[in-house]
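Below you'll find the structure, written out as structure tokens, and then a few comments.
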Amino acid sequence: MKSIAIIGGGAAGCFCAIETKRLLPDALVRIYESQDRLLAKVSVTGGGRCNLTNSFEDYKDSNGKLERLEHVYPRGHRLMKRLFNVFSPEDTVKWFENHGVRLVTQEDGCIFPKSQDAMEIVHTLENLIRQEGIQVMTGHKITDITSLTEDIKVITTGGKKTDKGYEFLSKLNIETQKPVPSLFTFEIKDKGLNSLSGTVVDNATLSIPSTKFRSQGILLLTDWGISGPATLKLSSYAARFLKDNSYKAPVSINWISSTQEAARLAVEKLIAETPKKQLSSVNFNGLTSRLWELIIKRSGIREDIRCGEVGSKQLNKLSSTLTSDTYQITAKGRFKEEFVTCGGVSLNEIDPNTLRSKKHPDIYFAGEVLDIDAITGGFNLQAAWTTGYTVAQSIQLV
């Protein structure tokens, strides 16, 4: 009888165990989890609602074919595109719906259980583990893979915060990419910006000057700096760069996601329509009045100036501030909210079709232990389902 050890009882591990047992009902499948319960991280993901996948509609061409996955998976996008042919986001939706989970898709593509309760996903997976007769060993930390007697080992442990987290792989001579935090907020010490805590900008573009790193989306201003989807995406794209620079770097904010020329034309139109009004009192492009006042101040324009008094040089400065307002990142956000780690087992170490170790034919990898990570929006859990399912399919063929 074939025996399989699943090391790690998170999303990838549990999903892999269920699918492996279904494909090989006579096999002994055992999950080893260091914590006292399975799926601890899944229970709190998505603010306790579990954003279990995404429609990927924003990343499809006119024919419905996935594209630009590098904007979703800064690390591992080529592998994920290949593996989606094995188990796609659509397959994930069907899988959970077939197991009684009703799902809802938000306008932004994020997919949640209709109950808005992550525990529904946890209980669904736990019930299937019991029904399939999968053995569970909680409170059981594996420190030496070679000590396990099972025929096949599947390593699905979560992302590690330091290199020490991968010491259990040392005897295997497995190359790993240094783990660094991803998906975090930025600390910016600026009194003007910090005073606007709670302000939401619906469509801002962030970038790190002199680099290729940029993101677009909702921006949230806080009393310590900036947060929201646009910030988290930029932190993911620039995770290694920011780590290498001790989380100190300039960040440019394009408040209206527009070109400077278009911004100038929009301001010109506004002041032409309201020449007698104070510039600070007009409503520009949906920006809050307090944010608009800050932008005017940072442009070096006096607060009481009337629209008809704004000159050409002031227009240039204002349009520049609107589209490239630069601040200094001084640190990661003060709250340790990052749930994702950039880094892990190098993708050069695995067969991209099976996720099998090239050096050890009895070892497979799935989930966060791999050097695959994504932006927010259900993409990281999708990677867990897809890689876990792929490994199960691969084991069946051994």
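Considering the conditions (1) open to solvent by 70 Å² or more (accessible area, probe 1.4 Å); (2) out of contact with any helix residue (DSSP H, G or I) (no Cβ under 6 Å at 6 or more places or on another chain), D117 is excluded by exactly one of them, (1).
Of all residue pairs spaced 6 or more apart or on separate chains, none has beta-carbon atoms under 6 Å together with a first member in the range 65-80 that is closer than 12 Å to Y237 by Cα and a second member that is among the basic types (K, R).
Being in a helix (DSSP H, G or I) and closer than 18 Å to T323 by Cβ is the filter here; which residues of the range 193-215 pass it? Explain how you work it out, then say what you get.
Here is the first cut: in the range 193-215, the ones in a helix (DSSP H, G or I) are 193-194.
Result: L193, single match.
Could you tell me whether any residue of the range 24-33 is at pLDDT 95 or above, within 25 Å of the chain's Cα centre (by Cα) and of a type in the set (F, W, Y)? No, the conditions are met nowhere in the range 24-33. Can you tell me which condition G343 does not meet? The list is (1) over 29 Å from W95 (Cβ atoms); (2) modelled with pLDDT under 95, and all the others hold. G343 satisfies every listed condition except (1).
Number of residues in the range 236-261 that are without any contact (Cβ under 8 Å) to a residue 60 or more places away in the chain and either under 21 Å from the mean Cα position of the chain (by Cα) or under 23 Å from P179 (Cβ atoms) (or both): the value is 5.
Please indicate, with yes or no, whether at least one residue in the range 50-66 is under 23 Å from I363 (Cβ atoms) and among the polar types (S, T, N, Q). Steps first, answer last, please.
We begin by selecting, within the range 50-66, every residue under 23 Å from I363 (Cβ atoms); these are none.
No, there is no match, as no residue in the range 50-66 is under 23 Å from I363 (Cβ atoms) and among the polar types (S, T, N, Q).
When restricted to residues that are in a loop (DSSP other than H, G, I, E, B), open to solvent by 50 Å² or more (accessible area, probe 1.4 Å) and either aliphatic (A, V, I, L, M) or in contact (Cβ under 8 Å) with a residue 24 or more places away in the chain (or both), the range 81-91 contains 1.
Being surrounded by fewer than 20 Cβ atoms within 10 Å (Cβ to Cβ), over 16 Å from S324 (Cβ atoms) and modelled with pLDDT under 95 is the requirement here; does L265 meet it? Taking the combined requirement at face value, the residue does not satisfy it.
Quick grid of which residues meet (1) at pLDDT below 95; (2) open to solvent by 20 Å² or more (accessible area, probe 1.4 Å); (3) over 27 Å from the mean Cα position of the chain (by Cα):
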residue: E132; (1), (2), (3): no, yes, yes
residue: T156; (1), (2), (3): no, no, no
residue: F168; (1), (2), (3): yes, yes, no
residue: G198; (1), (2), (3): no, yes, no
residue: T211; (1), (2), (3): no, yes, no
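Taking the range 92-107 as the range and being touching a residue at least 24 places away in the same chain (Cβ under 8 Å), part of a helix (DSSP H, G or I) and not hydroxyl-bearing (S, T, Y) as the test, the residues that pass are V93, W95, F96. With open to solvent by 50 Å² or more (accessible area, probe 1.4 Å), farther than 24 Å from D26 by Cβ and either touching a helix residue (DSSP H, G or I) at 6+ places or on another chain (Cβ under 6 Å) or not aliphatic (A, V, I, L, M) (or both) as the only criterion, which of K60, K141 stands out? Answer to the selection: K141.
Go through I18, I31 for me and flag whichever is hydrophobic (A, V, I, L, M, F, W, C) and either within 17 Å of A118 (Cβ to Cβ) or touching a Cys at 6+ places or on another chain (Cβ under 8 Å) (or both). Working first, answer last.
Values: I18 fails: either within 17 Å of A118 (Cβ to Cβ) or touching a Cys at 6+ places or on another chain (Cβ under 8 Å) (or both).
Step by step, each of I18, I31 is checked, and only I31 is hydrophobic (A, V, I, L, M, F, W, C) and either within 17 Å of A118 (Cβ to Cβ) or touching a Cys at 6+ places or on another chain (Cβ under 8 Å) (or both).
The lone criterion from (1) open to solvent by 40 Å² or more (accessible area, probe 1.4 Å); (2) in contact with a strand residue (DSSP E or B) (Cβ under 6 Å, 6 or more places away or on another chain); (3) aromatic (F, W, Y) left unmet by F186 is number (1).
The values are calculated or read from the model by the stated rules, or taken from the named source; none is laboratory data. None of these values were measured; they are calculated from a predicted model. Don't worry about glycine lacking a Cβ; one is built from the backbone with ideal geometry, like all the others, and counts go over all protein chains shown. Ligands, DNA and RNA are excluded from the accessible area calculation, which covers all protein heavy atoms including side chains. Shrake-Rupley method; radii C 1.70, N 1.55, O 1.52, S 1.80 Å.
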